[in-house]
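The values are calculated or read from the model by the stated rules, or taken from the named source; none is laboratory data. All values reported here derive from a predicted model rather than from experimental measurement. Note: ideal-geometry Cβ built from the backbone for every residue, glycine included; neighbour counts use all protein chains shown.
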Amino acid sequence: MNQAISYIQQFTDYLQYEKQYSSHTLSSYLRDLKQFQDWLKKNELGSNIGTESLLDADNLHIRNWVATQHRQGLGSHTLQRKLSSLRSFYNFLIRKRLLKNNPALDIRAPKAAKKLPDTLDTDALTQLLNIPADSILAIRDRAIMELFYSSGLRLSELVNLNLDSIDLTEKSLRAIGKGNKERLLPVGRKAVEAINLWLAKRTEMAKLEEIALFVSKRGTRISTRSIQQRLNYWRKKQGLEQEIHPHKLRHSFASHILESSGDLRAVQELLGHADISTTQIYTHLDFQHLANVYDKAHPRARKKSSKVDKK
């Protein structure tokens with residue numbers, strides 16, 4: 001039997017019987033090893049080496065293989081798994097004293113691109129929040145959504161608001177964020193109006209001793225799950241195709257404030273981010289907006305008209 005195939009079989013037995021890996025994990029490891037082996041035979045070490053190429057690979061071969069896979073569209077998480085397969089195999093060979101060093105040890109997959117926060121534009125928000133005050137639940141739900149968008153609250157922060165957390169005269173509220181840190185936030189005019197309407201109706205739903213600002217039909221503090229369900233309900237009722245969740249309203253708040261002001265530090269304070277690097281992702285959204293404006297407005301950026309000029 002070819003030596004390399006024998007080592008792979010021993011490695012498989014080790015994973016299955018000693019490490020007790022699942023059949024799915026075993027298949028993934030073997031598939032990764034075979035893909036790397038096939039690539040080596042085709043691209044790097046030459047077909048004359050045959051299946052022994054997997055044992056002869058060095059650090060540069062692995063780096064080139066990862067780079068090739070990345071250019072072909074494989075994501076960071078997939079590449080990390082493939083590298084984990086190689087590292088495990090070479091560690092096994094080292095334990096067997098067949099290798100001295102692991103050629104995959106110090107190689108890392110390219111970092112995954114940061115996913116930009118999903119936001120709603122102002123038209124979509126207007127459509128969502130244009131809820132008629134024809135029921136107590138509609139009044140409550142609009143107040144909740146207006147406050148999310150007005151002040152950029154996290155879901156947990158909004159749920160934990162009490163009656164004394166908000167000062168409608170001063171148009172401000174105190175939110176308890178991560179790490180039990182309190183921050184003072186402004187409340188916009190539309191949110192103030194919506195909350196005033198809700199407070200006029202709140203006693204019809206809330207139990208006498210309940211101090212929560214927002215309550216459920218049971219009269220007690222509303223749950224995070226209930227708010228998520230109500231947002232989804234209104235998304236459908238208001239005819240929006242986009243998924244709506246509390247964090248999307250928070251992202252929209254941050255993006256629109258930054259787009260208008262350009263003040264990253266202020267947005268950091270409003271969101272309650274301990275590190276400004278967390279807030280900086282919104283600068284990418286702002287740049288996307290500017291790029292779209294540029295593409296539409298700049299004479300040398302606009303796409304040519306599809307109409308053919310008649311001579």
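Identify, from the list Leu168, Leu173, the residue that is touching a Ser or Thr at 6+ places or on another chain (Cβ under 8 Å), in the same structural domain as Leu249 (by TED's automatic domain parsing) and of a type outside the set (Ser, Thr, Tyr).
None of the other options fit; the residue is Leu173.
Give the number of residues within the range 51-61 that are modelled with pLDDT of 85 or more and over 15 Å from Ala104 (Cβ atoms).
Result for the range 51-61: 0.
Pairs only if they're at least six apart or on different chains, beta carbon under 6 angstrom, first in the range 96-115 and among the charged types (D, E, K, R) and surrounded by fewer than 15 Cβ atoms within 10 Å (Cβ to Cβ), second modelled with pLDDT of 85 or more and outside any loop (DSSP other than H, G, I, E, B); list them, first residue then second.
none
Please work out which one of (1) modelled with pLDDT of 90 or more; (2) out of contact with any helix residue (DSSP H, G or I) (no Cβ under 7 Å at 6 or more places or on another chain); (3) within 20 Å of Leu129 (Cα to Cα); (4) surrounded by fewer than 18 Cβ atoms within 10 Å (Cβ to Cβ) is the condition Thr224 fails and give its number.
If we test Thr224 against (1) modelled with pLDDT of 90 or more; (2) out of contact with any helix residue (DSSP H, G or I) (no Cβ under 7 Å at 6 or more places or on another chain); (3) within 20 Å of Leu129 (Cα to Cα); (4) surrounded by fewer than 18 Cβ atoms within 10 Å (Cβ to Cβ), just (2) comes out false.
Within the range 58-98, which residues are assigned to a loop (DSSP other than H, G, I, E, B) and either under 29 Å from the mean Cα position of the chain (by Cα) or over 15 Å from Phe36 (Cβ atoms) (or both)?
Answer for the range 58-98, where residues must be assigned to a loop (DSSP other than H, G, I, E, B) and either under 29 Å from the mean Cα position of the chain (by Cα) or over 15 Å from Phe36 (Cβ atoms) (or both): Gln72, Gly73, Leu74, Gly75, Lys96, Arg97, Leu98.
Just to be sure I understand, how many residues within the range 1-50 are modelled with pLDDT under 80, over 40 Å from the mean Cα position of the chain (by Cα) and in a helix (DSSP H, G or I)?
Result for the range 1-50: 5.
Please specify each residue of the range 199-212 satisfying the condition of being assigned to a loop (DSSP other than H, G, I, E, B) and touching a residue at least 40 places away in the same chain (Cβ under 8 Å).
Glu204, Met205, Ile211, listed by residue number.
Can you name the residue in the range 213-251 that is among the polar types (S, T, N, Q) and not in a loop (DSSP other than H, G, I, E, B) and is also farthest from the chain's Cα centre (by Cα) among such residues?
This residue is Ser226.
Before we move on, is Leu155 over 21 Å from Gln127 (Cβ atoms) and without any contact (Cβ under 8 Å) to a residue 60 or more places away in the chain?
It is false that Leu155 is over 21 Å from Gln127 (Cβ atoms) and without any contact (Cβ under 8 Å) to a residue 60 or more places away in the chain.
Out of the residues in the range 158-177 that are out of contact with any helix residue (DSSP H, G or I) (no Cβ under 9 Å at 6 or more places or on another chain) and part of a helix (DSSP H, G or I), state the one that is surrounded by the fewest Cβ atoms within 10 Å (Cβ to Cβ).
Checked the range 158-177; the qualifying residue surrounded by the fewest Cβ atoms within 10 Å (Cβ to Cβ) is Asp164.
Quick test of your reading of the structure: Leu197 fulfils all but one of (1) more than 32 Å from the chain's Cα centre (by Cα); (2) at positive phi. Name the failing condition by number.
Only one criterion is unmet by Leu197, namely (2).
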